[in-house]
Amino acid sequence: MYTVSQLLQKISSNRNLCPQPDLEIYSLAYDTRKIRIGINSLFFALIGQRDGHQYITDAYHLGVRSFVVSATDLDIRNFPNANFIWVEDTLAAIQQLAAFHRNHFEYPIIGITGSNGKTVVKEWLYSMLSQDIHCYQSPKSYNSQLGVAISLWGLDEKFDLALIEAGVSMVGEMQALEEMIKPTLGIFTSMGNAHDEGFISADLKIREKWKLFQDVAKIYAPSSALYEEQLRDPRLICWGIREEDMLQITDIIKHTRTTEVSLVFDNSIEFVLVVPFIDTASIDNVLTCALVLADLGIDWPVIQKKVDVLGPLEMRLKLKKGRNNISIIDDTYSNDVASLQIALDFLAQQNQHNSKKVILSDIEGQRWDEQSKSLIVDALNRHGLDEVVLVGNRIQEIGARLNMPVKSMVNTDELIKFVSTYTWHDATILIKGARMFQLERISNSLVEKSHETVLEINLNALEHNLNQYRAHVRSDVKIMAMVKAFSYGSGSFEVANILQFHKIDYLTVAFVDEGVELRRGGISLPIMVLSPHESSFDDLVRCSLEPEIYSLRILKAFVSYIRELGLKNYPIHIKIDTGMHRLGFMENDLDDLFFYLKQHDEVRVVSTFSHLVGAGSSSFEDFTHQQINLFRRCAAKLEAQIGYSVVKHICNTSGIIHHPEAHLDMVRLGIGLYGYDMAPKNIRLNPVSKLKTTISQIKYLKSSETIGYDRKGILSRDSVIATVKIGYADGYDRRLGNGVGKMRIHGHEVPTIGNICMDMCMLDITGVQVSEGDEVEVFPNIMQTAIDIGNIPYELLTGISSRVKRVYFYE
Ligand SMILES: *Cc1c(COP(=O)(O)O)cnc(C)c1O
């Protein structure tokens, strides 16, 4: 994309020191957890909640060699060969580059601002436009000083139009955003009272937002949101009820699920637009989008088709089915008085249950004064609620003024405890909270799980298991987690992310591809690759993955690859074969290895390891000791020969429990993390994954009928047979047919009957009270199931097909 020296010219820097000015930069980095290709990243040490300068070492280790910094006392001798650019203000520097990049593109850029609805309008417009043109949108709601810069960096010549969201919370901020975005068209969504803290008056606030439109040709807006001053703007194209509005609304009729909006466009076209929402905010946002499309020349019947498929936005109000017949309105994205009112409005429209409750956190981003308080009190009192739960220290102050039962919680943790012991049923519950309260944790715990065949992954169980093993190892022993084979079937970065959060030391994958995927998912922990192949060295190095070196051949190939890149000390891991006889150096091979290593500083050994063949089995006790002793001997020789010490490890899951004397410097935790241990001892594990499906059909059949292919399932009595949507193509082994496999329905174990089909199989549910659509647990006891067919849980777990949807729960 750009070289460091090109970018350097666009940054107002005090000084620089760039030994590698030709390095190519693809990404702007500011968070070490998000660095993907270190060498092609330009890292900005931003000063925010944390000082980005503290992460330079981490970034350097991730391969970053180009930094924009403001600290003058930085000791850059620790970062050989890296480019450093010193500036006054690192945020301003990232913005300068965003503006520079944006200037390469001539296509229309629509700048979107307003108090509410920015993200919704952006996402909806995107979904309506992107069917016909190549459209870019800022990710999520990246609308801040940093977010906009990152958004703009994503612009590319392959687009024809871009939608960029801009948000401000204080006077003076929009100027910088405008200079970066330089929008050619503008959209103003609404004028609520969010972020009032930074503004003296509503008038000032709208003027500040209007600065985004300095150079735009047209501004789309609802006229009702504007003041005199803005309404005089000749570039304005409005929707509203005024005659002069380009899109004039003449009537609105609300039905149970839809709203009919009668309109006149451009004084000539009459149309009745059917909007698939009934809440005011959604209708407003739809009309803003429709206005833009109509002005772009799209016909109303086409607009109608696009509007038909709009759905509620994930990150805004989310309506979900909960357990015990509850409905949840999940609005845990932000919380201000205006959006609370909108959410209550939405709650009022829910008529599926008589009982209505609200869980409400502190209000964020605006003054907490008497005026705000009474607005909230009035809004809640007006809605006929039968219970309110207040979360947070501030919001509790209004408790006494509410006319319904009130519960008060200090924080979300306390609320979670409460929710776990208390059952709500037959109610609609609005969960409305400021971002920082993370009330989505509550809504997730109340939600009913999906109805297809899914593998539910309980990330809390994963944490629990990790902690169980942690308790078994000394605190100075490092932990490497095995996330190979899609984390034993349970997921890639979703799992790795939790492990990273819990600060484990290393991750291990089988193949480079798996490591690449983790990096893409934002995983920055060091990653070892068990089976690196020469053809994948490119990706391996690009993603800072560390190879297992198991033979001189692979070592030589790797060293010559690294030499060509001109790199030194690339981390590698030496695998020693102590008896597994799979991959690894035999003791006899070591002298050649040492000789070669001493001559090559392209690589540096960070660890050496071996693998036990039967750590959990007492019958292999002697062999295990032999392996451990052999490994210790080889590792000691290695260290003596290369002249520095390395991390030594040999224990897998069973080894951790059965051979504490062999924990050495690090242990490699695999299946135990996922809740299974072939030889458990003093440890309580929770299974991480649960495979679930549902009953598609129930049949009442006479004895003598047969079930399935080849008439294998023979009925010896009148029976009730259920068909479930899981077959061998999903990973349900054919050997589990004809009664070998058992599934669990409502606490009853029921056998399979007949052969397993590709996508389905049948269960004998005679005598068990169930109905179609009921949930079925496929492997109620996976250990036993594996034994029954001469298998191991490893294979059953990793065999669950990728077409089975993974759903993650983290409460
Ligand atoms: C898979 C693997 C492990 C983990 O084994 P578990 O029995 O799942 O704990 C450890 N080390 C190596 C080299 C492996 O391939």
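The values are calculated or read from the model by the stated rules, or taken from the named source; none is laboratory data. These numbers come from a predicted model, not from an experiment. So basically every Cβ, Gly included, is an ideal-geometry build from the backbone, and we count neighbours across all protein chains shown. Note: accessible area is taken over every heavy atom of the protein model, side chains too, but ligands, DNA and RNA are not part of it. Shrake-Rupley method; radii C 1.70, N 1.55, O 1.52, S 1.80 Å.
Only protein heavy atoms count here; under a 1.4 Å probe, Lys211 has an accessible surface of about 80 Å².
Counting heavy atoms of the protein chains alone, Trp153 has an accessible area of about 20 Å² for a 1.4 Å probe. Divided by 2.2 N^0.38 Å, where N counts the residues, the Cα radius of gyration of the chain comes to 1.10.
Here the extension length gained between Asn325 and Gln6 equals 108.8 nm, from 0.36 nm per residue of separation less the Cα-Cα distance. For the pair Ser716 and Ile278, the difference between a 0.36 nm per residue extended length and the Cα-Cα distance amounts to 152.1 nm. Average projection, convex hull of the Cα set of segment 407-461: 5.2 square nanometres. When shorter helices are ignored and each DSSP H run of at least 4 residues is given -39500 (n - 2.57), the per-residue value for the chain at 222 nm works out to -8500 deg cm²/dmol.
Taking Cβ atoms as reference points and 11 Å as the exclusive limit, the residues near Asn755 contribute a net charge of +3, counting Lys and Arg as +1 and Asp and Glu as -1. Electrostatic tally near Thr3: other residues with Cβ closer than 13 Å to its Cβ, Lys and Arg +1, Asp and Glu -1, net 0.
For segment 546-679, the convex hull drawn through the C-alpha positions has a volume of 104 cubic angstrom per residue. Out of every Cα-Cα pair in segment 668-811, what percent are more than 18 Å apart? Every Cα pair in segment 668-811 considered, those over 18 Å come to 57 percent. Surface analysis of segment 753-811 yields an accessible area of 46 Å² per residue, using protein heavy atoms and a 1.4 Å probe. Of the accessible area of segment 410-560, computed with a 1.4 Å probe over protein heavy atoms only, carbon and sulfur atoms account for 51 percent.
Each residue of segment 580-587 was assigned a 3J(HN,Hα) from its phi angle through the Karplus curve 6.51 cos²θ - 1.76 cosθ + 1.60 (θ = phi - 60°); the sequence is 6, 6, 10, 10, x, 7, 7, 3 Hz, with glycine and proline shown as x. Ranking Pro680, Thr653, Leu593 by how far each Cα lies toward the positive end of the dipole of segment 581-701 (charges on Cβ) leaves Pro680 at the top.
Along its first, second and third principal axes, ordered by size, segment 510-586 spans 36, 26, 20 Å in Cα coordinates. As a ratio to 2.2 N^0.38 Å, the alpha-carbon radius of gyration for segment 709-753 is 1.19.
Compute the Rg to Rh ratio over segment 64-144 from the alpha carbon atoms, using the Kirkwood formula for Rh, and round to two decimal places. Rg/Rh: 1.14. For segment 611-728, the carbon plus sulfur part of the accessible surface works out to 48%, probe radius 1.4 Å. Quick note on segment 4-92: its Rg to Rh ratio, both from C-alpha atoms and Rh being the Kirkwood radius, is 0.91. Surface analysis of segment 677-725 yields an accessible area of 62 Å² per residue, using protein heavy atoms and a 1.4 Å probe. Solvent-accessible area per residue in segment 136-295 equals 41 Å², computed with a 1.4 angstrom probe and all protein chains kept. Say the cut-off is 26 Å between C-alpha atoms; which of Lys478/Lys556; Lys407/Lys690; Lys305/Lys356; Lys205/Lys373 go over it? Table pairs above 26 Å Cα-Cα are Lys478/Lys556; Lys407/Lys690; Lys305/Lys356.
Computed over the Cα atoms of segment 202-325, the ratio of the radius of gyration to the Kirkwood radius (Rg/Rh) comes to 1.02. Sorting 228-234, 441-447 by average packing, meaning the other beta carbons within 10 Å per residue, from highest down gives 441-447, 228-234.
For Ile549, the residues whose amide H sits under 5 Å from its own are His573, Ile574, Lys575, ignoring neighbours fewer than 5 places away on the same chain, with H placed 1.01 Å from N.
Directionally averaged projected area (segment 435-555, Cα convex hull): 10.4 nm². Of interest is the spacing of the C-alpha centroids, which for segment 132-178 and segment 207-283 amounts to 23 Å.
The charge dipole of segment 446-565, taken about the Cα centre with unit charges on the Cβ atoms of Lys, Arg (+1) and Asp, Glu (-1), comes to about 440 debye, rounded to the nearest 20. Note on Asp601 and Ile298: the model spin-label points, each 7 Å out from Cα along the C-beta direction, lie 6.2 nm apart.
Could you list the residues of segment 524-546 with an amide nitrogen less than 11 Å from a label point located 7 Å from the Cα of Glu494 in the Cα-to-C-beta direction? Under cut-off, by backbone N: nothing.
If you take the alpha carbon atoms of segment 601-653 and fit the smallest convex hull around them, that volume is 69 Å³ per residue. For Cys651, the residues whose modelled amide H falls within less than 5 Å of its own, excluding neighbours fewer than 5 places apart on the same chain, are Arg668. Could you give me D for segment 1-154, from Stokes-Einstein at 10 °C and 1.306 mPa s, where the hydrodynamic radius is the Kirkwood radius over C-alpha pairs? Units µm² s⁻¹, please. For these conditions, the coefficient is 96 µm²/s.
For segment 356-493, the orientation-averaged shadow of the C-alpha convex hull comes to 12.4 nm² (one quarter of the hull surface).
To one decimal place, what Kirkwood hydrodynamic radius in Å is obtained for segment 186-255 from all pairs of distinct Cα atoms?
The answer is 13.1 Å.
Site pair Asp308 and Glu387 shows an inter-label distance of 4.2 nm when each label is modelled 7 Å from Cα along Cα→Cβ.
If you average the C-alpha positions of segment 375-427 and of segment 460-510 separately, how far apart do those two centres end up, in angstrom? Computed from Cα coordinates, the inter-centre distance equals 37 Å.
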